[in-house]
Amino acid sequence: MTDIPQNAQSTLEALNQWVLEVARLTRPDRIHWCDGSDTENEALIAAMQQDGTLIKLNEDTHPNSYLHRSHPDDVARVEHLTFVCTGNRDDAGPNNHWMAPDLARQQMKSLFEGSMEGRTMYVVPYCMGPIDSPLSRCGVEITDSPYVVANMRIMTRMGAPALARIERDGSFVKGLHSTGDLNPDRRFIMHFPEDLEIQSFGSGYGGNALLGKKCHALRIASHQARSEGWLAEHMLILGIENPKGEKHYIAAAFPSACGKTNLAMLIPPEGYVNEGWKITTIGDDICWMRPGADGRLYAINPEAGFFGVAPGTSEKSNPNALASLQRDAIFTNVAVTDDNQPWWEGLDKRVPATDWRGHAFDGAAGKPAAHPNSRFTVSARQCPSYSPMAEDPQGVPISAIVFGGRRASLVPLVFEARDWTHGVLVGAAMGSETTAAATGAVGVMRRDPMAMKPFCGYNFADYFGHWLSFDTDGAQLPKIFHVNWFRKGDGGDFLWPGFGDNMRVLEWMLKRVAGEVGSEETPIGHLPKIEDVNLAGVELTDEAREKLFGYDREGWQHEFASIGEYLDEYGPRMPVALKGEQKATAQALA
Ligand code: GTP
Ligand code: SPV
Ligand code: MN
């Protein structure tokens with residue numbers, strides 16, 4: 001069965017063998033090994049324009065940019081169809097859907113059988129992280145979707161350099177993807193962490209299909225990180241430079257569509273800029289970190305691009321994102337104006353001509369023109385705030401870790417954990433209202449520990465234990481904070497201006513890291529003294545001051561009872577230290 005034409009091969013026999021094995025099963029017309037070159041990309045884009053997969057946008061305003069409309073039933077991650085297939089069910093934990101590996105493989109085999117007939121099978125070698133970094137890991141995605149190839153080329157270091165590293169390493173994560181017929185009843189995203197393998201069928205969208213991202217860099221990597229002593233997290237990484245020129249790096253975990261891209265690209269308020277404060281971007285979604293020789297945690301962004309939420313992105317909310325999107329971008333499920341420019345809710349006051357499905361836009365129908373989970377794909381290098389440190393093979397040292405959720409009530413603007421163990425509890429106890437980033441109801445409060453509920457490739461109880469294990473002698477661990485940009489008043493409006501003004505909260509964190517300011521001690525942690533947060537130029541109502549900086553003992557008693565019940569769902573596997581921390585806090589609140 002070597003009669004299927006291929007344009008190349010690898011020096012790594014195990015890779016050639018796997019490619020042939022997959023080709024035998026899926027029966028493509030041809031096999032194309034991707035080198036990541038401009039010529040290859042141009043040919044792919046031309047072919048996708050031909051068959052309507054991509055629609056060219058206005059060349060004058062958005063050079064070399066394209067619109068993709070995904071199938072209307074395929075617009076977000078599908079958590080109910082995402083499985084972690086470990087040999088032992090308890091190793092996947094109550095936080096994951098589980099299937100026995102043999103059964104899952106059998107089921108996927110029947111779906112992949114002949115699924116690439118009449119199509120090209122692309123072999124996509126990629127590297128997550130700088131090619132020469134010891135923290136980076138590689139994978140190969142086999143896919144029949146040229147849209148996936150074009151996106152992987154932006155989101156990862158894809159092509160010849162990645163293949164060369166894979167051939168040096170001799171190992172890689174195997175990812176097999178086919179869009180199939182996009183029937184939601186025949187859609188599964190399967191992970192085999194013990195075999196470093198992913199199989200995804202029936203979706204062409206985002207985290208379901210760009211296998212380097214959530215499937216590899218979080219689910220498989222978190223599992224691998226546990227055994228190798230590092231962390232794979234759903235976190236942005238930003239650099240913050242004060243007027244004295246001192247630099248700190250902060251990693252922050254917020255659930256999907258809860259503000260990572262926005263915070264990572266923050267532009268400080270004018271007063272801060274004038275004083276010389278500067279924010280730089282390392283990553284907006286994923287962070288891999290491990291202890292360095294000095295005991296600090298060092299982090300890399302394994303990605304090379306942004307797959308960001310379009311709605312809400314504007315000149316006012318995120319100028320850096322908007323500037324990144326002026327050329328060479330792929331837009332998925334946005335609306336378009338009559339002169340063929342991409343458009344989404346919150347961008348500006350123009351009225352689009354066509355909605356995300358390609359229908360004439362009817363403003364009176366009361367439906368958004370862009371899909372709420374519409375996205376842009378763009379190279380990180382196009383972002384004005386992108387830091388050259390993002391390419392540093394050693395990574396950047398992390399001074400603070402921030403957890404945060406979308407909480408309309410109860411949770412104040414910011415507080416600090418007492419120590420590492422308490423900080424792990426703060427992360428484990430995270431709650432957030434669901435968003436359009438995954439299918440299902442929006443606005444439902446659920447526990448989303450460390451923003452990893454959909455992404456942790458093993459039992460959360462073991463994951464919290466792994467987090468706790470970093471607190472060793474000689475460790476120089478970052479301080480841990482919790483934020484909530486989404487607190488609402490009784491009138492239903494956000495009480496905190498958010499976006500650039502989040503800088504004020506970051507500055508308070510750095511003052512705490514430097515030991516420059518005190519705090520209000522409460523059972524939930526250290527709250528800021530309001531006078532220690534720079535609020536110059538921010539108008540806050542009395543209600544806002546009280547709710548953003550105060551703490552509601554009775555409300556937190558209920559919250560801690562609910563956190564206790566949540567931890568109990570994991571049974572005896574839950575680390576005793578974490579349960580102890582929860583009990584101690586609950587007692588202090590009583
Ligand atoms: P994923 O890519 O899904 O992981 O999302 P993300 O965490 O990167 O979220 P993103 O920054 O794209 O923000 C999602 C939504 O939250 C957008 O509509 C933003 O406009 C909104 N948002 C971000 N930051 C803030 C903030 O500080 N305050 C308020 N009110 N909204 C915000
Ligand atoms: C998320 O949902 O957290 C995303 C988008 O970043 S996706 O790539 O679809 O996972
Ligand atoms: Mn994300």
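By accessible area of protein heavy atoms, probe 1.4 Å, what ranking do Lys529, Lys278, Lys214 get, highest first?
Largest accessible area first, the residues go Lys278, Lys529, Lys214.
Give the long-range amide H neighbours of Phe470: residues separated by 5 or more places, or on another chain, with amide H under 5 Å away, using H modelled in the peptide plane at 1.01 Å from N.
HN-HN under 5 Å from Phe470: empty list.
Can you work out ³J(HN,Hα) from phi for every residue in segment 240-250, in order, using Karplus 6.51 cos²θ - 1.76 cosθ + 1.60 and θ = phi - 60°, giving whole Hz and x for Gly and Pro?
Using θ = phi - 60°, the values come out as 10, 10, 8, x, 7, x, 7, 10, 10, 10, 10 Hz.
For segment 1-119, compute Rh as the Kirkwood radius over C-alpha pairs and then the Stokes-Einstein diffusion coefficient at 10 °C and 1.306 mPa s; write the answer in µm²/s, rounded to an integer.
After rounding, the answer is 88 µm²/s.
Would you mind telling me the share, in percent, of accessible area of segment 306-382 contributed by carbon and sulfur at probe 1.4 angstrom?
51
Ordering Arg512, Arg89 by how much accessible area each has at a 1.4 Å probe, largest first, what is the list?
Arg89, Arg512
Describe numerically, in nm with one decimal, the distance between label points set 7 Å from Cα along Cα→Cβ at Ser37 and at Arg24.
Calculated label separation equals 3.1 nm.
Taking 0.36 nm per residue of sequence separation and subtracting the Cα-Cα distance, how much length would be gained by fully extending the chain between Ala577 and His80, in nm to one decimal?
175.8 nm
Reachable aspartates and glutamates from Lys244, Cα under 12 Å, same-chain residues fewer than 8 places away excluded?
List returned: Glu275.
Kindly report, to the nearest 10 Å², the accessible surface of Lys453 as traced by a 1.4 Å probe over protein heavy atoms only.
50
Assuming 0.36 nm per residue, please report the length gained on full extension of the stretch Ala514 to Thr541 beyond their Cα-Cα distance.
6.7 nm
What is the set of long-range amide H partners of Glu520 at a cut-off below 5 Å, with H atoms built 1.01 Å from backbone N?
Leu527, Lys529
If N is the number of residues in segment 254-397, what value comes out of its Cα radius of gyration divided by 2.2 N^0.38 Å?
1.20
Just to be sure I follow the definition: excluding the sites themselves, where is the longest run in the chain that has none of the GluC sites (Glu not before Pro) in a DSSP loop with at most 14 other Cβ atoms within 10 Å?
Counting at most 14 other Cβ atoms within 10 Å as exposed, the longest clean stretch of the chain is 316-515.
For helix 101-112, what angle does its Cα long axis make with the longest principal axis of the chain, in degrees from 0 to 90 and rounded to 10?
Around 50 degrees separate the two axes.
Report the residues of segment 518-550 in range of a label on Ser562: point 7 Å along Cα→C-beta, backbone N strictly under 20 Å from it.
What the label zone holds, given the 20 Å backbone N cut-off, is 523-525, 547-550.
Between Asp419 and Asp3, how high is the FRET efficiency from 1/(1 + (r/R0)^6) when r is the Cβ-Cβ distance and R₀ = 51 Å? Nearest 0.05.
My answer for the efficiency is 0.20.
If R0 is 56 Å, what FRET efficiency do you get for Val442 and Arg168 from their C-beta distance, rounded to 0.05?
0.80
With a Förster radius of 35 Å, plug the Cβ-Cβ distance of Leu410 and Glu315 into 1/(1 + (r/R0)^6) and report the FRET value to the nearest 0.05.
0.60
Which angle from 0 to 90°, rounded to the nearest 10, does the C-alpha axis of helix 38-51 make with the longest principal axis of the chain?
Compared with the principal axis, the helix lies near 80 degrees.
Mind grabbing the accessible area of Arg30 for me, 1.4 Å probe, Å², rounded to tens?
Its heavy atoms expose roughly 110 Å² to the probe.
Of the cross-linked pairs Lys479/Lys529; Lys316/Lys349; Lys453/Lys579; Lys214/Lys260; Lys260/Lys316; Lys56/Lys367, which ones have a Cα-Cα span greater than 22 Å in the structure shown?
Lys56/Lys367
In percent, what relative contact order does segment 306-382 have, based on Cα pairs under 8 Å that are 6 or more apart in sequence?
44
Provide the per residue accessible area, probe 1.4 Å, for segment 306-382, rounded to a whole number of square angstrom.
That works out to 43 Å² per residue.
Given charges of +1 on the Cβ of Lys and Arg and -1 on the Cβ of Asp and Glu, with all other atoms neutral, how large is the dipole of segment 306-382 about its Cα centre, in debye to the nearest 20?
With Lys and Arg at +1 and Asp and Glu at -1, about 220 debye.
Going out from 0 in 10 Å bins, what whole percent of all Cα-Cα distances in the chain drops into each bin?
The distribution over the chain is 3, 17, 28, 27, 17, 6, 1, 0, given as percents.
Does anyone have the angle between helix 146-155 and the longest principal axis of the chain? Alpha-carbon axes, 0 to 90°, nearest 10?
Helix 146-155 and the main axis of the chain meet at about 40 degrees.
Could you compute how fast segment 95-177 diffuses translationally, taking Rh as the Kirkwood radius over C-alpha pairs and applying Stokes-Einstein at 4 °C with viscosity 1.567 mPa s? Give it in µm² per second.
Stokes-Einstein gives a translational diffusion coefficient of 91 µm²/s.
Please compute the length gained on full extension between Asp473 and Ile55, using 0.36 nm multiplied by the number of residues separating them and subtracting their Cα-Cα distance.
Full extension from Asp473 to Ile55 adds 144.8 nm.
The values are calculated or read from the model by the stated rules, or taken from the named source; none is laboratory data. These figures come from a predicted structure and were not determined experimentally. All Cβ positions, even for glycine, are placed from backbone atoms using ideal geometry, and neighbour counts span all protein chains on display. Keep in mind that these areas ignore ligands, DNA and RNA; they rest on the heavy atoms of the full protein, side chains included. Shrake-Rupley method; radii C 1.70, N 1.55, O 1.52, S 1.80 Å.
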